[in-house]
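Undergrad: There's a structure below that I have some questions on.
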Amino acid sequence: MREELDRKVMAALSGGHLAVDFASGAVPALLPFLVLEFDLSYTATAALMLAVLVSSSVVQPLFGLWSDRRGAMWLLPGGVALAGVGTGLAAAAPSYALVLLLVFVAGIGIAAYHPEGAKFAAYASGRKRASGMSYFNIGGNTGYALGPIVVTPLVIWLGLEGGLVAMLPVLVVAGILFRVLPSLGRVAPERSSRRASHGDDDLRAMSLLAVVIAFRSVAWFGLLTFVPLWVVENGGTEGEGNRTLALMLVAGAVGTLVLGPVADRLGLRRTLLVTQAALPVLIVLFVAMGGVVGTLALMLVGLCVVGTFGVTIVLSQLYLPRHVGVASGLSVGLAMGLGGIAAVALGAVADAVDLETALYVAAAAPVVGCVVCLLLPPPVGLARPHEVAPAAIV
């Protein structure tokens, strides 16, 4: 396997990740404006998040399986383009039903990009897999954070059609990725080398990890959906709500760079456990305290959740060394999609009781994930080109 990270390839992959997740991050930023446009309930609002999450999650392992068996580099530019087109057209759609359909289509593009991108990021990372995956994820997390930062002023200025304008750079990135596909392909190992893998898939460990990710995602997607609405309910404007959301996402992008090297040094499971345990306290502080303290707590939530996305991707790839694409699809997609389903349930709680109660329920979810995290075994049977330094498997 390669010793050092291939920075040019990683820059292209991270750039594509930025573009596809910028389209994804535009969806929660559009929600407050869509609520006003179509007079949506909390449940109907959460259903929009569910639509994009289901399509971007349930089919991700299938794209990963396709990638593992046949190779599918065209999914990189194709996924970015479909995500941008779907999100842009959803912003300008004339009816709620059409918005729902188009964000579902955008989610398919998101699903197409991630398994192939994460697989090639593993190939290009060298021996420090957690750090390398952090570089890949910093693009996605930055893109997601830029969603509300860019989309909000454009929609305030141009109306919902501003969301369509915001997606034009995403299509430009898709074109660039298409042109650089040959250079990306050179980091992939020979097919014979991949067949020589001596690692065994650990389905039990992957199942436990999926539970951890799912309960983390209940809290995360509950916050993504309802933080702007919570700010509005407490006297803020839609713009202030999206700025609060953006602060959480920017802190998450910073956490990606911080926690990747930490995990390489201190261990993947230990890093995941500590950050998971901090989430319930931080979410309660945000809801109960508000103000500067609440905002700082929310930013730390972003750091703990988004900062460990790369950690869980690497763990999944180590638990399923023979099916790296499927592993990436499961960790990024299917398990997180379960959190999106839970976000709709939280919307129902908010409609039946109130939004504050729904946010407290979201805070309780990571407690279960923390307990399951204690059961995660150390990854064994690492396979070329998927070896990591010993410190990364603690």
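The values are calculated or read from the model by the stated rules, or taken from the named source; none is laboratory data. Remember, predicted model here, so these are calculated numbers, not experimental data. Cβ placement follows ideal geometry from the backbone for every residue including glycine, while neighbour counts extend to all protein chains displayed. Accessible surface areas use protein heavy atoms only, side chains included; no ligands, DNA or RNA. Shrake-Rupley method; radii C 1.70, N 1.55, O 1.52, S 1.80 Å.
Undergrad: Within the stretch 57-104, how many residues turn out to be surrounded by fewer than 20 Cβ atoms within 10 Å (Cβ to Cβ), hydrophobic (A, V, I, L, M, F, W, C) and part of a helix (DSSP H, G or I)?
TA: 9
Undergrad: Only one of (1) hydrophobic (A, V, I, L, M, F, W, C); (2) more than 17 Å from Ser217 (Cα to Cα); (3) out of contact with any His (no Cβ under 8 Å at 6 or more places or on another chain) is not met by Leu318, so which one is it?
TA: (3)
Undergrad: Being out of contact with any helix residue (DSSP H, G or I) (no Cβ under 7 Å at 6 or more places or on another chain), closer than 16 Å to Leu245 by Cα and open to solvent by 60 Å² or more (accessible area, probe 1.4 Å), is that true of even one residue in the stretch 296-307?
TA: Checked against the condition, which is being out of contact with any helix residue (DSSP H, G or I) (no Cβ under 7 Å at 6 or more places or on another chain), closer than 16 Å to Leu245 by Cα and open to solvent by 60 Å² or more (accessible area, probe 1.4 Å), the stretch 296-307 yields at least one hit.
Undergrad: Moving to a separate point now. When you scan the stretch 108-140, how many residues do you find that are under 27 Å from Arg243 (Cα atoms), open to solvent by less than 10 Å² (accessible area, probe 1.4 Å) and touching a Leu at 6+ places or on another chain (Cβ under 7 Å)?
TA: Qualifying residue count, the stretch 108-140: 5.
Undergrad: Also, I was wondering about something else. State whether the residues of the stretch 192-200 include one that is in a helix (DSSP H, G or I), open to solvent by 70 Å² or more (accessible area, probe 1.4 Å), more than 20 Å from Tyr144 (Cα to Cα) and at pLDDT 90 or above.
TA: So far as the stretch 192-200 goes, no, none of its residues is in a helix (DSSP H, G or I), open to solvent by 70 Å² or more (accessible area, probe 1.4 Å), more than 20 Å from Tyr144 (Cα to Cα) and at pLDDT 90 or above.
Undergrad: Can you tell me which residue in the stretch 141-151 is modelled with the highest pLDDT, limited to those that are open to solvent by less than 10 Å² (accessible area, probe 1.4 Å) and under 16 Å from Ala91 (Cβ atoms)?
TA: The residue in question is Val151.
Undergrad: Something else now. Select from the stretch 16-46 the residues that are touching a Gly at 6+ places or on another chain (Cβ under 8 Å), assigned to a helix (DSSP H, G or I) and open to solvent by 30 Å² or more (accessible area, probe 1.4 Å) and list them in ascending order.
TA: Leu18, Tyr42, Thr43 - these are the residues of the stretch 16-46 that are touching a Gly at 6+ places or on another chain (Cβ under 8 Å), assigned to a helix (DSSP H, G or I) and open to solvent by 30 Å² or more (accessible area, probe 1.4 Å).
Undergrad: Looking only at the stretch 241-257, decide whether some residue is part of a helix (DSSP H, G or I), free of Cβ contacts under 8 Å to residues at least 24 places away in the same chain and buried (at least 20 other Cβ atoms within 10 Å of the Cβ).
TA: No, there is no match, as no residue in the stretch 241-257 is part of a helix (DSSP H, G or I), free of Cβ contacts under 8 Å to residues at least 24 places away in the same chain and buried (at least 20 other Cβ atoms within 10 Å of the Cβ).
Undergrad: Being over 15 Å from the mean Cα position of the chain (by Cα), hydroxyl-bearing (Ser, Thr, Tyr) and closer than 28 Å to Leu160 by Cα is the filter here; which residues of the stretch 51-109 pass it?
TA: Thr87, Ser95, Tyr96
Undergrad: Name the residues in the stretch 155-190 that are among the charged types (D, E, K, R) and either assigned to a loop (DSSP other than H, G, I, E, B) or crowded, with 21+ Cβ neighbours inside 10 Å (or both), would you?
TA: Those that are among the charged types (D, E, K, R) and either assigned to a loop (DSSP other than H, G, I, E, B) or crowded, with 21+ Cβ neighbours inside 10 Å (or both): Arg186, Glu190.
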